[in-house]
1. Kindly check whether there is at least one residue in the stretch 79-87 that is in a helix (DSSP H, G or I) and either farther than 21 Å from Ala254 by Cα or modelled with pLDDT of 80 or more (or both).
2. Starting from residues that are assigned to a loop (DSSP other than H, G, I, E, B) and small (Gly, Ala, Ser), keep the ones in the stretch 6-34 and report whichever is modelled with the highest pLDDT.
3. Determine, yes or no, whether Thr210 is within 22 Å of Arg120 (Cα to Cα) and of a type in the set (Ser, Thr, Tyr).
4. Within the group Ser255, Ser211, which residue is of a type in the set (Ser, Thr, Tyr), free of Cβ contacts under 8 Å to residues at least 24 places away in the same chain and either within 23 Å of Glu31 (Cα to Cα) or not in a helix (DSSP H, G or I) (or both)?
5. Looking at Leu217, Leu222, can you tell me which residue is surrounded by fewer than 18 Cβ atoms within 10 Å (Cβ to Cβ), among the hydrophobic types (A, V, I, L, M, F, W, C), modelled with pLDDT of 85 or more and farther than 23 Å from Val137 by Cα?
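The values are calculated or read from the model by the stated rules, or taken from the named source; none is laboratory data. This is a predicted model, so every value here is computed, not measured. Cβ: placed from backbone, ideal geometry, glycine included. Neighbour counts: every protein chain shown.
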Amino acid sequence: MPQHDTDLHIAGDGPDEIPDPARIEMAAIGESLRAGWSDFMRAPAFGLFFSAFYVAGGLVLLTVAAASGQEWWLMPFVVGFPLIAPFAAVGLYEVSRRIEFGKPLIWREVMGTVFAQKDRQLPSMAMVILLLFMFWVFVAHTTFALFMGVSALTNITSSADALLQGRGLVMLVVGTIIGAGFAAVLFSFTVVGLPLLMDREVDFITAIITSVRSVALNPAVLLCWAALIAVTLFLGILPLFLGLFVALPVLGHASWHMYRHLMPDAEIR
């Protein structure tokens with residue numbers, strides 16, 4: 001891959017050309033994970049820093065829910081966590097990009113690059129992600145009420161048995177299918193869309209379209225990649241969110257390398 005200037009575009013430079021997505025093999029998953037682990041080991045402080053925000057947020061939610069005796073209300077947020085996890089990767093993309101091109105990992109420069117995104121297209125993508133996440137929470141609670149009844153919304157905290165029989169099981173199946181649909185849509189938007197917005201001067205609609213095209217070209221590989229991300233994040237959440245200190249940075253760095261597989265001719269700006 002030719003070497004390019006790794007500085008960010010200045011807003012107003014004009015849109016970049018977008019190369020066609022590449023067709024990739026299953027081996028790209030292993031290669032991306034190995035590269036992600038290598039980047040995390042190379043700069044662990046950055047990974048721990050960016051993931052700390054999500055760990056802290058999860059612990060705050062858990063504390064509030066437990067204090068109010070409404071732990072079950074936390075479930076839609078936990079299940080929907082993979083929907084907003086890509087935000088943690090934004091700073092990690094910059095770290096991986098600098099490692100890739102041998103640039104120094106200076107905190108001021110890395111954070112400056114992240115904050116500079118406010119003047120580009122990333123906030124628009126952020127709104128799409130947050131709106132989908134909030135809609136998912138609303139749909140999850142509505143699904144619960146439809147199957148279990150309004151009274152169960154207050155009584156469920158005393159026993160989980162209602163979720164493991166009859167309508168509870170049906171509700172869990174339906175809710176899982178709906179949640180998977182939300183996750184699939186958002187994954188299709190962001191797997192290439194987010195790193196592309198970091199890498200090139202493009203509008204967020206173009207980034208989303210390019211990302212969906214990449215998924216359509218590699219459905220089997222990216223389905224496995226999405227499933228791996230979801231399972232890893234879920235396992236990271238289980239030990240009081242603490243597993244995210246490793247899961248998020250490794251997956252964040254790996255996502256950058258997966259982007260490189262999908263857009264091999266993309267230039268780092």
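1. yes
2. Ala22
3. Yes: the conditions hold for Thr210.
4. Ser211
5. Leu217
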